């Protein structure tokens with residue numbers, strides 16, 4: 001078996017490194033010193049550079065101006081973005097575009113994909129449900145009016161919607177009276193749609209999306225079995241890629257600091273207690289990496305396994321959530337007082353790590369989901 005990345009995937013990662021090379025993780029105020037959002041919007045200049053480098057259209061087919069790559073390539077790019085805490089909706093926009101391409105109608109694809117790939121339209125996804133702990137598709141109801149091609153009516157609340165105040169459209173999962181899940185593309189400015197400010201631990205502005213008899217045209221609703229599950233798996237796997245990139249950068253920061261910081265005339269990195277903790281975190285990162293690529297490969301290839309792809313995604317998120325938490329906590333410990341210094345960027349990575357740990361469910365939630373899958377599928 002060949003475990004190396006393809007030339008196209010490696011080229012995408014190299015292009016991402018070039019775009020993110022000049023991004024500073026401390027370009028906005030510290031979330032520790034800010035009562036509200038650290039900025040009014042995401043990094044629009046960086047977004048334009050990503051569009052120029054064709055990284056916004058990574059997953060789109062060539063007919064829509066894209067590169068036609070897969071989830072593995074997207075995760076490689078997300079990994080690089082997290083190393084510099086890039087303040088852009090790259091994951092949400094890319095995942096939403098991929099869902100529209102895979103499951104949306106031709107009119108919807110033609111309307112959105114090329115514009116989103118050029119950065120002219122921004123998409124995000126409401127994936128946290130009503131409370132952040134319940135299934136997102138159960139937080140909103142959807143009913144279609146009588147008649148073929150009739151409008152859909154949405155009612156409900158979705159919490160902690162990333163980039164809700166910046167996106168042009170929010171992809172909202174909703175359930176019908178018959179138990180089906182549909183995906184509705186809800187315009188940010190629309191009758192029956194309102195948002196209330198929320199803030200993440202990273203200092204980014206989130207939105208509580210409130211839908212009250214919001215009328216959505218049939219062409220903007222994806223009513224295809226499995227569409228939401230596929231989108232949720234891609235979002236979760238992308239979150240794991242962000243956690244991996246962040247963790248790798250934090251471990252490097254710890255290595256550089258402990259190699260220079262001296263105690264008793266020697267670098268503290270030479271002390272066994274320090275070296276063992278760093279080694280444990282390195283093992284965490286390697287486990288995060290291998291489980292990430294397994295999940296991304298299952299999504300990209302559609303390969304069958306003993307468990308559904310959701311099983312591999314759950315394993316990846318368990319490792320990502322637990323691993324990134326341990327990495328940043330160890331980094332804080334090894335940095336001593338510098339770890340809490342707001343003039344030093346480590347505390348920003350800690351804040352982002354906590355957000356990623358809890359996004360789309362903490363480790364415990366995915367352990368429960370994995371247990372249900374193991375109970376439902378024979379491994380023999």
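Per-structure values
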| item | result |
| --- | --- |
| Cα gyration tensor shape for the range 1-142, rounded if a/c is under 1.5, else prolate or oblate | oblate |
| Angle in degrees between helix 309-335 and the longest Cα principal axis of the chain, rounded to the nearest 10 | 40 degrees |
| Nearest-0.05 FRET efficiency for residue 338 and residue 364, computed from C-beta distance (R0 35 Å) | 0.65 |
| Between 0 and 90°, nearest 10: helix 90-103 axis offset from the chain longest Cα axis | 40 degrees |
| Helix 363-376 axis, angle to the chain major axis (alpha carbon atoms, nearest 10°) | 60 degrees |
| Overall dimensions of the range 227-376 as given by Cα atoms, namely Rg and Dmax in Å | 17.3, 60 |
| Computed E for residue 378/residue 141 - FRET, C-beta separation, R0 22 angstrom, nearest 0.05 | 0.05 |
| Rounded FRET efficiency, nearest 0.05, which uses the C-beta distance separating residue 304 from residue 26 and R0 of 35 Å | 0.20 |
| Neighbour-count order for 268, 250, fewest beta carbons within 10 angstrom listed first | 268, 250 |
| Least to most buried among 349, 282, 103 (fewest other Cβ within 10 Å first) | 282, 103, 349 |
| Residue 5 paired with residue 40, simple spin-label distance in nm, labels 7 Å along Cα-to-beta-carbon | 3.6 nm |
| Length added when fully stretched, residue 196-residue 217, from 0.36 nm per residue minus Cα-Cα | 5.2 nm |
| Footprinting exposure proxy for 83, 317, 354 (fewest neighbouring C-beta atoms within 10 Å first) | 354, 83, 317 |
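Bear in mind these aren't lab numbers, they're just calculated from the coordinates by the rules spelled out. Just so it is clear, the model here is predicted, and its values are computed rather than measured. Cβ coordinates were reconstructed from backbone atoms using ideal geometry, including for glycine residues, and neighbour counts include every protein chain displayed.
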